[in-house]
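Asks: This is the structure I have questions about; it appears just below.
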Amino acid sequence: MNTFGDPTIWLPFAFAILMGVSILIYVILDGFDLGVGLLFPFADAGEKDKMIASIGPFWDANETWLVLAVGILLVAFPAAHGQILTALYLPVAVMLIGLIMRGVAFEFRAKAPLDHKTRWDWTFFAGSLMTSLSQGFMLGMYVMGLTWTLPHVGFALLTAVFLTVGYSFIGATWILHKTEGYLQMKSVDWAKGGIWGLVLGIAAISLATPYVSDRIFDKWFSFPEALWLAPLPVFSTVLIVWLWRMLQAMPYPDDRLSWAPFAAATALWTSAFGGMAYSFYPYVVPEKLTIYESASAPESLFIILIGTVFVLPTIMGYTVLSYFIFRGKASDLRYD
Amino acid sequence: MDAFILSRIQFAANISFHILFPTITIALGWVLLYFRVRFNFSKDPKWMEAYGFWVKIFALSFAMGVVSGITMSFQFGTNWPGFMEIVGNIAGPLLAYEVMTAFFLEAVFLGIMLFGARRVKPWVHTTATFLVAFGTSMSAFWIIVLNSWMHTPQGYEMIDGVAHATDWWAIVFNPSMPYRFAHMMLASFLTVSFLIAGISAFRLLIGGHTNGVKSALRTAITAAALLIPLQIYLGDLHGLNTKEYQPAKVAAMEGIWETESGAPLLLFALPDNEARENHFEIGIPKLASFILTHDWNGEIKGLNEFVADDGTILHPPVDKVFWSFRVMVGTGVLMLFVSWASVALMLRRDPVTGARRGTAGLARPVLYGLVAMTFSGWLATLAGWYTTEIGRQPWLVQGVLTTEMAVADVPGAMVASTLIAYLIVYAILLTAYMSAIFYLARKAARGEPIRTRVDPSPKAQAAVLPAE
Ligand code: HDD
Ligand code: HEM
Ligand code: HEM
């Protein structure tokens with residue numbers, strides 16, 4: 001039955017992997033630029049310009065990963081797409097309005113009259129906040145199985161706060177890498193202040209997921225799976241301790257290792273995400289709809305896959321090119 | 001109001017807002033490439049001046065297009081889940097190809113195009129500009145393929161009520177796609193031509209007489225004058241194509257209730273959906289038949305043919321389609337008049353020097369006229385889309401899926417609240433966008449660079465270069 005030689009099995013699986021990878025890349029990449037927006041109130045005017053400069057060339061491409069992730073959900077698992085998005089109708093709308101606000105504020109703050117600039121700065125912050133909170137809320141609701149009961153909403157509100165603080169943490173590590181001087185020192189403090197959001201968020205979801213579903217409980221705590229899963233929490237703990245110790249002493253002379261906190265945050269994010277993906281597989285709508293039940297017709301998936309095989313490496317290639325061109329400290333962001 | 005009507009209004013509001021910005025970016029990308037290439041060859045700084053000004057408007061429009069586009073991609077799931085469930089096997093791959101071949105291309109190279117000019121070699125920057133322009137056109141291509149397929153579906157079979165693709169070539173090159181794509185691309189170029197002409201005329205009016213402005217104005221007016229006849233011709237072909245595949249839409253566009261031969265072209269009428277007749281008709285006899293069949297006495301099917309025996313109405317609401325169509329065609333005729341008149345004025349020779357007058361030949365009233373036409377492309381484009389889309393009702397996918405079957409089961413109050421939120425955001429942003437463009441124009445006319453607020457302390461000032 002479940003053989004991977006059968007296209008109705010391996011195609012949905014391949015698309016689930018693709019979707020997972022897109023979501024992961026999205027939360028890391030847009031995570032840092034949302035985080036930069038969240039830290040706006042703590043920066044003065046000159047610092048804001050530099051912070052914007054550090055994400056200017058990237059934010060649009062970062063958001064495209066969200067379009068891809070939702071796109072894959074839409075095209076590969078249409079039934080799940082409908083169920084998830086109608087269940088999350090309101091938080092999705094809040095997120096979209098947040099994304100609109102921050103995306104345009106980014107452009108307007110540089111082009112509108114000077115006395116409007118503060119207003120657009122606030123719009124940028126508010127948009128980033130709405131986006132982060134609603135994404136965290138949706139994450140919580142998803143973990144709780146997409147049912148709107150009071151305890152579930154309470155849990156989702158918690159994850160909303162944790163994810164937001166977590167984004168501000170990864171944003172701070174990005175600024176730490178892309179700036180120097182006083183702003184860089186400030187960003188170390190921001191990172192120290194934000195790391196708990198990440199830790200608590202990962203802890204809350206790790207504890208809640210097995211509690212909500214016996215199936216997931218069994219997946220984690222039965223023998224022998226528990227043995228080869230054990231490195232995951234151990235690895236995460238080591239990373240957190242290392243990050244914390246590093247932040248105490250940062251910035252190092254000659255800007256050594258300024259990339260390391262961002263890299264460590266990425267690794268943490270990845271392992272947490274991997275754990276979640278393991279928990280939920282094979283369900284795409286938790287406990288209701290598997291990837292196999294909701295997948296599109298194989299011939300359509302196949303057509304998309306052919307394109308993906310060629311296009312995705314190209315996208316990766318020119319994304320890396322763009323990060324390479326804009327490597328180093330963010331300085332002047334000018335149209336010439 | 002029920003969730004169905006509200007969802008429709010919400011979808012129409014979101015897509016109308018979205019389309020405004022791609023309409024600008026699709027053609028503006030190519031215009032920027034043109035400025036850039038002219039500079040590469042002539043080294044005349046006026047082309048870089050034009051590039052520098054319009055790239056800012058491009059960036060602003062692009063951001064608006066991206067964020068409203070993200071809203072669009074969620075709409076299918078939040079409001080129209082039935083759409084993907086029934087035709088997802090066809091719509092899905094088309095949307096996926098759009099994301100993969102277009103969105104990433106434009107998004108990544110946009111960063112290099114906007115901020116990379118001094119970090120990369122000129123040819124890399126020119127290539128980035130090309131790739132962004134190419135990317136926006138690719139987006140337009142894929143989304144129009146999907147939209148055209150919804151109007152003239154083919155290359156599929158229905159299995160258990162779900163559409164399955166049988167022939168991708170037929171799906172992509174469906175009968176209305178070439179017309180719709182060409183018409184949309186031209187619409188975009190016309191919109192941008194009138195935008196550049198309007199803003200450049202505004203800059204001349206308030207005293208910014210730089211060579212960059214004049215060259216941009218001349219380029220824009222010339223492009224408009226060349227493209228508008230083409231657009232009108234293509235529009236005619238598009239209509240003939242529609243007559244073949246969606247006769248009910250054409251009957252609504254022409255306001256023809258009873259099948260008739262030698263049908264008049266109605267210039268004015270108030271179609272009445274309830275009484276099923278027109279009031280206050282003014283028309284030119286036989287002209288509609290001539291345009292649509294190229295025969296003065298050709299037969300045109302009337303709306304009454306599209307009512308089922310049980311009384312179900314299978315044609316679109318007539319008044320909306322009828323009037324949207326007239327707004328589009330009227331704007332097109334106005335564009336023809338304005339652009340040709342301007343070209344004629346620019347071609348006149350100065351009696352003393354004998355040289356052509358160029359932009360100096362445009363008197364102030366003409367410049368005011370061009371300013372008034374700044375956003376005329378938007379009007380025509382929206383009116384055109386309303387004709388097409390409302391004209392397809394009650395179908396969402398012609399003959400396959402009705403709009404009513406696709407709607408989500410969400411409470412009306414919820415849709416109403418998000419609709420209000422979107423409308424408020426859109427109204428604010430549209431005002432901000434339009435005033436920002438005129439603000440940039442005023443500032444450029446005064447010769448000021450873009451100011452940014454810089455930390456007052458000298459040390460910080462040295463460290464922080466302005467961010468744009
Ligand atoms: C600057 C924009 C613009 C201008 C000046 C015109 N159009 Fe247009 N028209 C469009 C922009 C547009 C559009 C936005 O691109 C549409 C909507 C959907 C589509 O395929 O093209 C469209 C649709 C559209 C349709 C409906 C196609 C269908 O049934 O699906 C017809 C028949 C025409 N046009 C015909 C014309 C004629 C005869 C014009 C003569 C002046 C004209 N258009 C000017
Ligand atoms: C961008 C230009 C477009 C505009 C301005 C536009 C406008 C509209 C309008 C006004 C309606 C409502 C018709 C009615 O309810 O009477 C509508 C319906 C719809 N259109 Fe478009 N449309 C555009 C392009 C597209 C494209 C490219 C697609 C698909 C890929 C699309 C898909 C739909 C769908 C799914 C509906 C159903 C909702 C409804 O009927 O209200 N549209 N559109
Ligand atoms: C239902 C229909 C539509 C959906 C779901 C949709 C979706 C999107 C999305 C998600 C983006 C942002 C891409 C990014 O992140 O870079 C976008 C941008 C864009 N869309 Fe749409 N879109 C629709 C209709 C249209 C139509 C009708 C056109 C043109 C004919 C169009 C042309 C573009 C272009 C050129 C862009 C590039 C960005 C820009 O210039 O603003 N789209 N669209």
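Asks: For region A:109-246, what log10 I(q)/I(0) values come out of the Debye formula at q = 0.14, 0.16, 0.20 1/Å, with one point per alpha carbon and no solvent?
Replies: So the normalised log intensities are -0.82, -0.98, -1.21.
Asks: Something else: Express the Stokes-Einstein translational diffusion coefficient of region B:295-407 in µm² s⁻¹, to the nearest whole number, given a Kirkwood radius over alpha-carbon pairs, 25 °C and a viscosity of 0.890 mPa s.
Replies: Working: Rh = 17.9 Å.
Answer, rounded: 137 µm²/s.
Asks: Continuing with this model, one more query. Which one, B:N174, B:H315, B:L430, is farthest towards the positive end of the dipole of chain B when Lys and Arg carry +1 and Asp and Glu -1 on their Cβ?
Replies: Final value for the positive-end residue is B:L430.
Asks: Further question: Counting Lys and Arg as +1 and Asp and Glu as -1, what is the net charge of the other residues whose Cβ lies under 14 Å from the Cβ of A:I303?
Replies: Values: positive: none; negative: A:E299, B:E98, B:D167.
Here the count lands on -3.
Asks: Can you give me the C-alpha center-to-center distance between region B:1-63 and region B:121-136, rounded to a whole angstrom?
Replies: Their Cα centres are 15 Å away from one another.
Asks: Mind checking A:305-316 for the average number of partner chain beta-carbons within 10 Å of each residue's beta-carbon? Let's see the in-between values first.
Replies: Numbers: counts 2, 1, 6, 3, 0, 2, 7, 2, 0, 4, 8, 1.
Mean partner-chain Cβ count within 10 Å for A:305-316: 3.
Asks: While we're on this one: Calculate for chain A the 222 nm mean residue ellipticity that helices alone would give, adding -39,500 (n - 2.57) per DSSP H run of length 4 or more and normalising by residue count, nearest 500 deg cm²/dmol. Write down the numbers at each step before the final one.
Replies: Working: 14 runs with 267 residues, N = 336.
Only helices count here, giving -27000 deg cm²/dmol.
Asks: Once you have the Cα-Cα distance between A:D189 and A:L150, take 0.36 nm times their residue separation minus that, and quote the gain in nm to one decimal. Before the final figure, lay out each step's value.
Replies: Working: separation 39, 0.36 × 39 = 14.04 nm, distance 3.56 nm.
The span from A:D189 to A:L150 would gain 10.5 nm if fully extended.
Asks: Give the average, rounded to an integer, of partner chain Cβ atoms located within 10 angstrom of each Cβ in B:157-170.
Replies: Working: counts 0, 0, 1, 0, 0, 3, 2, 4, 4, 1, 0, 3, 0, 0.
Across the residues of B:157-170, the mean count of other-chain Cβ atoms within 10 Å is 1.
Asks: May I pose another question? Arrange the following residues from fewest to most other Cβ atoms within 10 Å of their Cβ: B:R8, B:R348. The partial results should precede the final answer.
Replies: Working: B:R8 18, B:R348 12.
In order of increasing Cβ crowding within 10 Å: B:R348, B:R8.
Asks: If you don't mind, there's one more thing I want to ask. As a footprinting exposure proxy, order A:Y292, A:Y283 by other Cβ within 10 Å, with the fewest listed first. Don't skip to the answer; put the middle values down first.
Replies: Numbers: A:Y292 16, A:Y283 19.
So the ranking, lowest neighbour count to highest, is A:Y292, A:Y283.
Asks: Between Rg and the Kirkwood Rh of region A:53-97, both from Cα atoms, what is the Rg to Rh ratio? All intermediate terms of the calculation are to be shown ahead of the outcome.
Replies: Values: Rg = 13.1 Å, Rh = 11.9 Å.
Rounded to two decimals, Rg over Rh is 1.10.
Asks: May I pose another question? I need the per residue convex hull volume for region A:109-177, using only the alpha carbons, in cubic angstrom as a whole number. Could you put the intermediate results ahead of the total?
Replies: Details: hull volume 7.1 nm³, N = 69.
It is 103 Å³ per residue.
Asks: A further question follows. If you look at just the Cα atoms of chain B, how large are its Rg and its Dmax in Å?
Replies: Spelled out, the Cα radius of gyration and Dmax of chain B are 24.3, 82 Å.
Asks: Here is a follow-up. Per the Cauchy relation, a quarter of the hull surface: what is the mean projected area of the convex hull of the alpha carbons in region A:13-318, in nm²? Display every interim value, and only then the final one.
Replies: Working: hull surface 66.9 nm².
Value for region A:13-318: 16.7 nm².
Asks: Amide H of B:L396 versus every other amide H placed in the peptide plane: which residues, excluding those fewer than 5 positions away on the same chain, fall under 5 Å?
Replies: B:L401, B:T402, B:T403
Asks: Would you please give the FRET efficiency between B:D310 and B:I284, computed as 1/(1 + (r/R0)^6) with r the Cβ-Cβ distance and R0 = 45 Å, to the nearest 0.05?
Replies: Details: r = 37 Å, r/R0 = 0.82.
For B:D310 and B:I284, the calculated efficiency is 0.75.
Asks: Among residues other than B:A165 whose Cβ falls under 10 Å from its Cβ, what is the net charge (Lys/Arg +1, Asp/Glu -1)?
Replies: Numbers: positive: none; negative: A:E299, B:E157, B:D167.
The answer is -3.
Asks: Another question about this same structure. If the only charges are +1 at each Lys and Arg Cβ and -1 at each Asp and Glu Cβ, what is the size of the charge dipole of chain B around the Cα centre, to the nearest 20 debye?
Replies: Numbers: 32 positive and 31 negative charges, 750 e Å.
Computed charge dipole of chain B: roughly 3600 debye.
Asks: So, one more: So, in Å, what gap is there between the alpha-carbon centers of region B:353-367 and region A:46-92?
Replies: Each part's Cα centre sits 49 Å from the other's.
Asks: Consider all pairwise Cα distances in the protein assembly as shown and report the whole-number % of them above 36 Å.
Replies: Working: 158149 of 322806 pairs.
Here the tail beyond 36 Å accounts for 49 percent of pairs.
Asks: In the P(r) worked out for region B:119-203, what percent of Cα pairs fall beyond 15 Å?
Replies: Numbers: 2522 of 3570 pairs.
Result: 71 percent of Cα pairs exceed 15 Å.
Asks: Within 10 Å of each Cβ in peptide B:54-60, how many partner chain Cβ atoms are there on average? Round it to a whole number, please.
Replies: Numbers: counts 0, 2, 4, 1, 1, 7, 7.
Taking the mean over all residues of the peptide, I get 3.
Asks: Where does each of B:D309, A:D218 land when they are ranked from fewest to most other beta-carbon atoms within 10 angstrom? Let's see the in-between values first.
Replies: Details: B:D309 5, A:D218 11.
Result, fewest neighbours first: B:D309, A:D218.
Asks: Taking +1 at the Cβ of each Lys and Arg and -1 at the Cβ of each Asp and Glu, which of B:F21, B:V108, B:H279 sits farthest along the dipole of chain B towards its positive end, judged by Cα position relative to the Cα centre?
Replies: Final value for the positive-end residue is B:V108.
Asks: Then there is this: What is the ratio of the Cα radius of gyration of region A:1-128 to 2.2 N^0.38 Å, where N is its residue count, to two decimals? Before the final figure, lay out each step's value.
Replies: Working: Rg = 18.5 Å, N = 128, 2.2 N^0.38 = 13.9 Å.
That works out to 1.33 for region A:1-128.
Asks: Using a Förster distance of 60 angstrom, determine the FRET efficiency expected from the C-beta separation of A:A263 and B:L334, and round it to 0.05. Please report the intermediate quantities before stating the final value.
Replies: Values: r = 59 Å, r/R0 = 0.98.
So, using R0 = 60 Å, E works out to roughly 0.55.
Asks: Hydropathy at least 0.0 by Kyte-Doolittle, axial extent at least 27 angstrom from the Cα trace: which helices of chain B, defined as entire DSSP H runs, fit?
Replies: Numbers: long enough: B:3-42 (58 Å, 1.15); B:45-79 (50 Å, 0.63); B:122-151 (43 Å, 0.90); B:177-205 (41 Å, 1.30); B:211-245 (49 Å, 0.34); B:318-347 (44 Å, 1.49); B:412-445 (49 Å, 1.51).
Going by DSSP H runs, the hits are B:3-42, B:45-79, B:122-151, B:177-205, B:211-245, B:318-347, B:412-445.
Asks: Considering only B:F375, B:I143, B:L204, whose Cα is most displaced toward the positive end of the charge dipole of chain B, charges sitting on Cβ of Lys, Arg (+1) and Asp, Glu (-1)?
Replies: Going by the Cα projections, it comes out as B:L204.
Asks: Moving on. Give me log10 I(q)/I(0) at q = 0.12, 0.14, 0.16, 0.22 Å⁻¹ for region B:216-317, Debye formula, one equal scatterer per alpha-carbon, no solvent.
Replies: With no solvent term, the Cα-only Debye profile gives -0.48, -0.61, -0.74, -1.14.
Asks: So which aspartates and glutamates can B:K46 reach, going by Cα to Cα under 13 Å and dropping same-chain residues fewer than 8 places off?
Replies: Hits, sequence-local ones excluded: zero.
Asks: A further question on this structure: What net charge do the residues around B:Q398 carry, taking every other residue with its C-beta under 15 Å from that of B:Q398, with Lys and Arg at +1 and Asp and Glu at -1?
Replies: +1
Asks: Past the 22 Å Cα-Cα mark, which pairs from A:K50/B:K443; A:K50/A:K111; A:K50/A:K117?
Replies: Details: A:K50/B:K443 24 Å; A:K50/A:K111 16 Å; A:K50/A:K117 15 Å.
In this structure, A:K50/B:K443 exceed 22 Å between Cα atoms.
Asks: When the scattering of region A:1-59 is computed by the Debye formula from its Cα atoms alone, each counted once and equally, what is log10 I(q)/I(0) at q = 0.23, 0.24 Å⁻¹?
Replies: Debye curve over Cα of region A:1-59, log10 I(q)/I(0) at q = 0.23, 0.24 Å⁻¹: -0.88, -0.91.
Asks: Taking only C-alpha pairs under 8 Å that are 6+ residues apart, what is the relative contact order of chain A in percent? Please report the intermediate quantities before stating the final value.
Replies: Working: 383 pairs, mean separation 77.5, N = 336.
23 percent.
Asks: Moving on. Less than 19 Å apart at the alpha-carbon level, and either on another chain or at least 8 residues along: which aspartates and glutamates does that give for B:K301?
Replies: B:K301 reaches B:D236, B:E244, B:E254, B:E258, B:E260, B:D272, B:E277, B:E281, B:D309, B:D319.
Asks: Can you give the FRET efficiency to the nearest 0.05 for B:Y368 and A:A230, using r as the Cβ-Cβ distance and R₀ = 60 Å?
Replies: Numbers: r = 76 Å, r/R0 = 1.27.
Efficiency, from the Cβ-Cβ distance: 0.20.
Asks: Same structure, new question: Figure the gain on full extension for B:R348 and B:L265 (residue separation times 0.36 nm, minus the Cα-Cα span) and round it to one decimal in nm. Let's see the in-between values first.
Replies: Working: separation 83, 0.36 × 83 = 29.88 nm, distance 3.65 nm.
Additional length available on full extension: 26.2 nm.
Asks: Remind me, what semi-axes does region B:1-109 give for its equivalent ellipsoid, largest first in whole Å, using sqrt of 5 times each Cα gyration tensor eigenvalue? Working shown, then result.
Replies: Values: eigenvalues 265, 54, 15 Å².
Listed largest to smallest, the semi-axes of region B:1-109 are 36, 16, 9 Å.
Asks: Okay, next question. Between the DSSP loop rule and a limit of at most 16 other Cβ atoms within 10 Å, which chymotrypsin sites (Phe, Trp or Tyr not before Pro) in region B:241-327 are left? Provide the component values of the computation, followed by the final result.
Replies: Numbers: sites: B:Y245, B:W257, B:F268, B:F280, B:F290, B:W296, B:F306, B:F322, B:W323, B:F325; in loops: B:W257, B:W296.
Filter output for region B:241-327: B:W296.
Asks: Taking H as built 1.01 Å from N, whose amide H comes closer than 5 Å to the amide H of B:G283, not counting residues under 5 places away?
Replies: Excluding prolines and chain starts, which carry no amide H, the hits are B:L267.
No value in this document is a laboratory result; all are computed from the given coordinates. Just so it is clear, the model here is predicted, and its values are computed rather than measured. Positions of Cβ are generated from backbone atoms using ideal geometry, with glycine treated the same way; all protein chains shown enter the neighbour counts.
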